[in-house]
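The values are calculated or read from the model by the stated rules, or taken from the named source; none is laboratory data. All values reported here derive from a predicted model rather than from experimental measurement. Methodologically, a virtual Cβ is constructed for each residue, glycine included, from the backbone with ideal geometry; neighbour enumeration extends over all protein chains shown. Areas reflect the complete protein model, heavy atoms only, side chains present, ligands, DNA and RNA absent. Shrake-Rupley method; radii C 1.70, N 1.55, O 1.52, S 1.80 Å.
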Amino acid sequence: MQQGIGGKRCRQHEATIASIRRHPTRLKSGKEALKLRFVGQRMAEKIDDVIKTGNMRRLQYEESTESAIVTKLFMGIYGVGMTTARDWYSRGMRTLDDLSGSHRRIVLTPAQQIGLKYYTDLAERMPRSEAKAIFDAIKAIAIGIDPSLELTIMGSYRRGQETCGDIDILLTRPTIDGRSHSGVLRKLLPKLRAAGVLTEDLSYPSDLDDEEAKYMGLCRLGHEGKMRRIDILTIPYHQRGAALIYFTGDDVFNRSLRLKARHDGYSLNQRGLFTGVTRDPKTKVKLSNGIIIASETEREIFNILKVPWQEPHQRRRAT
Ligand code: DCT
Ligand code: MG
């Protein structure tokens, strides 16, 4: 007999889900899941199933309908999300050509126009060596402005992946001499542009003097290089540990670490690990920020959360 919503099985499922969510690393097998509270043999088998088939049947069905194919095509354009893609489809758009040219009936944002123009290049991941070469060129120009600047290449590159979807750069500077990196983007971005490394701007920081700023754009290696996505993030020096964790990822690792923090009564974000954060008991929305207890190094954050140290290359989901 079927159980009603809120029935015993439902509550048990919730407890199981919570238990799986709390697990600090991504589960790799049903057997591993069995060690968790509330996970029984049936659930372990289901987990094995999902890992093996990756929900193939549902995906195959969804990918076969025209609207899904076109929506996916449009969502491949930088700056286009599901809502916009579906809206364009409902307005009769079917191909990338429908979106460009003087006859078009829809309006693209400047970032979307850049995304459309370099659709093919941006759909491709770049070899790791190319990300490094672009990073090295940027680092040399930055160090020329201020030798105390610290630049780190983050994301998939730092996790050691062979290809990168974009280049994520973290920029900061020790403040021991009483100075900071504040304002450096004002000098750095035009220099990178003049050197031909940066080619298009997608999003410029609203305040270039803010120690915490984010630039998003396109770059390339030499004049013949393909257009690649790049993010340059500046962060206050004392936050570098928390920022390193966040921007190294991967996203699944970050999510499990944040959940672990929450479970232990902390709150983790790209700025630090906080204690004493109060949340609305119903909505879980943050009511107060609490007190920062760690942010300078990755290790101190891992230690407080009692998560065994994991090198960046270990912070990847199973593929
Ligand atoms: N990030 C996250 N949650 C997200 C997106 C990103 O925690 N939803 C973090 C983890 C990785 C980092 O930001 C950089 O993001 P991306 O560049 O999007 O990911 P990546 O891991 O570098 O992968 P890719 O090679 O595709 O860029
Ligand atoms: Mg990336």
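Things to note:
- Ligands, DNA and RNA left out, the accessible area of the chain computed with a 1.4 Å probe is 52% carbon and sulfur.
- Along the axis of the charge dipole computed for the chain (Cβ charges of +1 for Lys and Arg, -1 for Asp and Glu, origin at the Cα centre), the listed residues PRO236, THR175, PHE247 are led at the positive end by PHE247.
- Length-normalised contact order of region 123-232 in % [C-alpha pairs under 8 Å, at least 6 apart]: 25
- Gaussian network model of the chain, Cα within-10 Å springs - most flexible of GLY178, GLY40, GLY196: GLY178
- Cα-centre dipole for region 250-314 with unit charges at Cβ (Lys and Arg positive, Asp and Glu negative), debye to 20: 420
- Computed Rg/Rh of region 167-319, alpha carbon atoms with Kirkwood Rh: 1.03
- Tensor-based shape of region 105-215 (alpha-carbon gyration tensor, a/c under 1.5 rounded, otherwise prolate or oblate): oblate
- Rounded accessible area per residue of the chain, 1.4 Å, Å²: 58
- Taking 0.36 nm per residue of separation and subtracting the current Cα-Cα distance, fully stretching the chain between THR53 and ALA194 would add 45.9 nm.
- For region 57-177, relative contact order (Cα pairs under 8 Å, six or more residues apart, normalised by length) works out to 19 percent.
- Projecting the Cα positions of GLY217, SER206, ALA137 onto the charge dipole of region 126-235 (unit charges on Cβ atoms of Lys, Arg, Asp and Glu, taken about the Cα centre) puts ALA137 furthest along the positive direction.
- The chain: relative contact order in percent, alpha carbon pairs under 8 Å with at least 6 residues between: 14
- Solvent-accessible ranking of HIS23, HIS13, HIS313, largest area first, probe 1.4 Å: HIS313, HIS13, HIS23
- The chain shape via C-alpha gyration tensor axes, a/c threshold 1.5: oblate
- Taking the Cα centre of region 72-157 as origin and assigning +1 to Lys and Arg Cβ atoms and -1 to Asp and Glu Cβ atoms, the resulting dipole is close to 460 debye.
- For ASP231, ASP177, ASP136, the ranking by accessible surface with the largest value first comes to ASP177, ASP136, ASP231, using a 1.4 Å probe.
- Applying both filters, DSSP loop and at most 12 other Cβ atoms within 10 Å, to the GluC sites (Glu not before Pro) of region 128-204 gives GLU162.
- Calculated [222 nm] ellipticity per residue, helices only, for the chain: -12500 deg cm²/dmol; basis is -39500 (n - 2.57) per DSSP H run with n ≥ 4, divided by all residues, nearest 500.
- Overall, the chain carries a charge dipole of about 1460 debye about its Cα centre when +1 sits on the Cβ of Lys and Arg and -1 on the Cβ of Asp and Glu, all other atoms neutral.
- Under a Gaussian network description of the chain, with springs only between Cα atoms under 10 Å, the residue in ILE169, ILE232, ILE69 that fluctuates furthest is ILE69.
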